[in-house]
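Here the structure comes first, spelled out in structure tokens, and everything after it is commentary.
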Amino acid sequence: MHWWQTGILYQVYPRSFQDSNGDGVGDLRGIIARLPYLVELGVDAIWLSPVFTSPMTDFGYDITDYTGIDPLFGTLADFDALVARAHALGLKLLLDFVPNHTSDQHPWFAESSASRESDKRDWYIWRDPAPGGGPPNNWLSEFGGSAWAYDPASDQYYYHAFLASQPDLNWRNPLVRAAMHEIMRFWLNRGVDGFRVDVIWHLIKDEAFRDNPPNPDYRAGEPPYRSLLPVYSADRPEVHEVIRGLRAVVDEYADRVLIGEIYLPVEKLIAYYGADLSEAHLPFNFSLIETPWRADMIGCLIDRYEKLLPPGAWPNWVLGNHDRPRLASRLGLEQARVAAMLLLTLPGTPILYYGDEIGMSQVSIPPGQVRDPWEKNLPGLGLGRDGCRTPMQWDGSAGAGFSIAEPWLPLAADSAISNVESARADPASLLNLYRRLIGLRRARPALSRGAYRPLAHTQSLLAFERAADGERLGVALNFSAEASDSLILPEACAGAVLLSTTHERSGEVIAGPLTLRPHEGLIILLDSKAPAP
């Protein structure tokens, strides 16, 4: 099997992981210094949010040089040192690749916008005004307002799915594809182990630029972008050809991985594996973030996803990232423990977000310290992403061990007590639960590559089996604050508890009905008459 199938990925938001030079912003040298922690945690690969040269209007997702490292993070030599050190420690390194759009300060866009006759005019998406004037169609930017920006000099509009300072590239142009493929090779040649591709389902737009239809389910108070169904501005059939091209570049190199960011329901998501598995190795599955936290709904989701997966496709699961509120704040600290057990026992590749392993909370950012352009463009809707991007809490010092300077975003109010140093010292901490879960996943093939079989799911109880090489493990999770209904373990009247989220039942022999305590999760070695060694 490939490393990305049995391994665990860990997302690092570079601005917030570790500051090495005292400017209040995390950097590459800081990440190098913290690699031993990731080895201690037990993950197999790190994925870096963008570190390319950028004016930072959208904090690195607006790029001016795809083959340069922004001075804020260090140098290309620092990046090479990071790759070398990570590999020496047995860690893989993935980059965030942002091919949908550039910064409006990118040399390509400067040339494209110089005139209608520019050689690079067709590298971006330019359209004449509508017959009566105004934007060419009704497409909306995710960050608010029309997705079309007017250029008076040429009397045309350019398309931007996000900020006006992030013009979309025209992926129908073969020269754009070739240029992006060469950028991928540049990093692959430097030893990068793969890419997470930003908004991969956006890469191709409708050739006729038809208006998007209204969303009949839109409700007041939701982001304006959701008032339309983006059927013509995203998830177009032609995008799959583009993704096959990206995959072909990755496949030129041994044992690399292509991951696609895709916010689509699983029924549409699975198409991004490709009919012949020639597209993304892992189309990101964010459905655990978007599904209500009820055992029956989660159980139905897992069953549906498993049934929809194409033959040979490898699943993946995500509980947190840099765009969504923190896991511990969404679910509460007690259910965050249950969520950790779920994520690390489901079939497929789990992806962790930095700080979730210590229960970092969503930080309320004072208005004067808001940095996120989404929040600034659409204030009052609660869309700000700053609160899930705050600095990693390493210790109880004034800067939480992140920086000796004032950090770029404020620290959580509880950083003095909720941090890696204090969690290490507490055997019952969430961090140590993650370490035990990861260790068990590594030691038990049933968890890393075993078959999945549902056992039960009620509104509050979820149970399933993982099995490989003659070993059967049962996982039972209580999603509520009350003791669960009794569960009869099928085809087994006895089992030994390998791990409990409450740390009180390891080694206990289960015979007959099983009752879970409030907020408890168990991993049980089935068909065992005695505790496992």
(request) From the list Arg326, Arg385, pick out the single residue that is touching a Cys at 6+ places or on another chain (Cβ under 6 Å) and closer than 16 Å to Tyr13 by Cα. (result) Arg326
(request) Scan Ser278, Ser287 and give me the residue that is surrounded by 16 or more Cβ atoms within 10 Å (Cβ to Cβ) and in the same structural domain as Asp193 (by TED's automatic domain parsing). (result) Ser287
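Considering region 291-308 alone, what residues qualify as being free of Cβ contacts under 8 Å to residues at least 24 places away in the same chain and in a helix (DSSP H, G or I)?
Scanning region 291-308 gives Met297, Lys307.
Is it the case that Asp276 is charged (D, E, K, R) and in contact with a strand residue (DSSP E or B) (Cβ under 9 Å, 6 or more places away or on another chain)? Give the derivation first.
Numbers: charged (D, E, K, R): yes; in contact with a strand residue (DSSP E or B) (Cβ under 9 Å, 6 or more places away or on another chain): no.
The answer is no for Asp276.
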(message) If I go through region 349-374 residue by residue, how many of them are under 14 Å from Val12 (Cβ atoms) and either surrounded by fewer than 18 Cβ atoms within 10 Å (Cβ to Cβ) or of a type in the set (Gly, Ala, Ser) (or both)?
(response) 1
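Tell me yes or no: at least one residue of region 267-287 is in a loop (DSSP other than H, G, I, E, B), hydrophobic (A, V, I, L, M, F, W, C) and touching a residue at least 60 places away in the same chain (Cβ under 8 Å). Full working, then the answer.
Within region 267-287, the first condition is being in a loop (DSSP other than H, G, I, E, B), and the residues that meet it are 274-281, 284-286.
Pick out the ones that are also hydrophobic (A, V, I, L, M, F, W, C) and you get 275, 277, 280, 284, 286.
Now drop any that are not touching a residue at least 60 places away in the same chain (Cβ under 8 Å), which leaves 280, 284.
Yes, region 267-287 contains at least one residue that is in a loop (DSSP other than H, G, I, E, B), hydrophobic (A, V, I, L, M, F, W, C) and touching a residue at least 60 places away in the same chain (Cβ under 8 Å).
Test Phe73 against the criterion of being in the same structural domain as Arg389 (by TED's automatic domain parsing), in contact (Cβ under 8 Å) with a residue 40 or more places away in the chain, of a type in the set (Phe, Trp, Tyr) and part of a loop (DSSP other than H, G, I, E, B), and give yes or no.
Details: in the same structural domain as Arg389 (by TED's automatic domain parsing): yes; in contact (Cβ under 8 Å) with a residue 40 or more places away in the chain: yes; of a type in the set (Phe, Trp, Tyr): yes; part of a loop (DSSP other than H, G, I, E, B): yes.
Against the criterion (in the same structural domain as Arg389 (by TED's automatic domain parsing), in contact (Cβ under 8 Å) with a residue 40 or more places away in the chain, of a type in the set (Phe, Trp, Tyr) and part of a loop (DSSP other than H, G, I, E, B)), Phe73 qualifies.
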(request) Scan region 375-430 for residues that are surrounded by fewer than 20 Cβ atoms within 10 Å (Cβ to Cβ), over 24 Å from Gly22 (Cα atoms) and touching a Gly at 6+ places or on another chain (Cβ under 8 Å) and report the count. (result) 3
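Can you tell which of Arg196, Arg185 is buried (at least 20 other Cβ atoms within 10 Å of the Cβ), of a type outside the set (A, V, I, L, M) and touching an Asp or Glu at 6+ places or on another chain (Cβ under 8 Å)? Steps first, please.
Details: Arg185 fails: buried (at least 20 other Cβ atoms within 10 Å of the Cβ).
The conditions single out Arg196.
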(request) Could you tell me which residue of region 36-92 is nearest to Val370 (Cα to Cα), considering only residues that are among the hydroxyl-bearing types (Ser, Thr, Tyr) and in contact with a strand residue (DSSP E or B) (Cβ under 7 Å, 6 or more places away or on another chain)? (result) Ser49
(message) For a quick check of your reading of the model, give me the residue pairs whose first member lies in region 218-239 and is assigned by TED's automatic domain parsing to the domain that holds Tyr272, whose second is crowded, with 18+ Cβ neighbours inside 10 Å and outside any loop (DSSP other than H, G, I, E, B), with beta-carbon atoms closer than 6 Å and at least 6 apart or on different chains.
(response) Tyr225/Leu140; Leu228/Leu140; Ala234/Trp201; Ala234/His202; Asp235/Trp201
(request) Check Ala86 against each of (1) within 24 Å of Pro350 (Cβ to Cβ); (2) crowded, with 22+ Cβ neighbours inside 10 Å; (3) touching a Leu at 6+ places or on another chain (Cβ under 7 Å) and name the one condition it does not meet. (result) (2)
(request) May I ask you to say which residue of Ser480, Ser528 is of a type in the set (Ser, Thr, Tyr), more than 19 Å from Leu344 (Cβ to Cβ), in a loop (DSSP other than H, G, I, E, B) and modelled with pLDDT of 85 or more? (result) Ser480
(request) From Val192, Val242, Val249, grab the single residue that is part of a loop (DSSP other than H, G, I, E, B), of a type in the set (A, V, I, L, M) and either closer than 29 Å to Asn377 by Cα or in the same structural domain as Asn377 (by TED's automatic domain parsing) (or both). (result) Val192
(request) Could you tell me whether region 436-452 includes any residue that is without any contact (Cβ under 8 Å) to a residue 24 or more places away in the chain, outside any helix (DSSP H, G or I) and either in contact with a Phe, Trp or Tyr (Cβ under 6 Å, 6 or more places away or on another chain) or closer than 30 Å to Asp527 by Cα (or both)? (result) no
(request) For region 114-126, indicate whether the set of residues that are over 23 Å from Tyr13 (Cα atoms), out of contact with any His (no Cβ under 7 Å at 6 or more places or on another chain), surrounded by 15 or more Cβ atoms within 10 Å (Cβ to Cβ) and charged (D, E, K, R) is non-empty. (result) yes
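The values are calculated or read from the model by the stated rules, or taken from the named source; none is laboratory data. These figures come from a predicted structure and were not determined experimentally. Because the Cβ atoms are built from the backbone with ideal geometry, glycine has one as well, and the counts that use them run over all protein chains shown.
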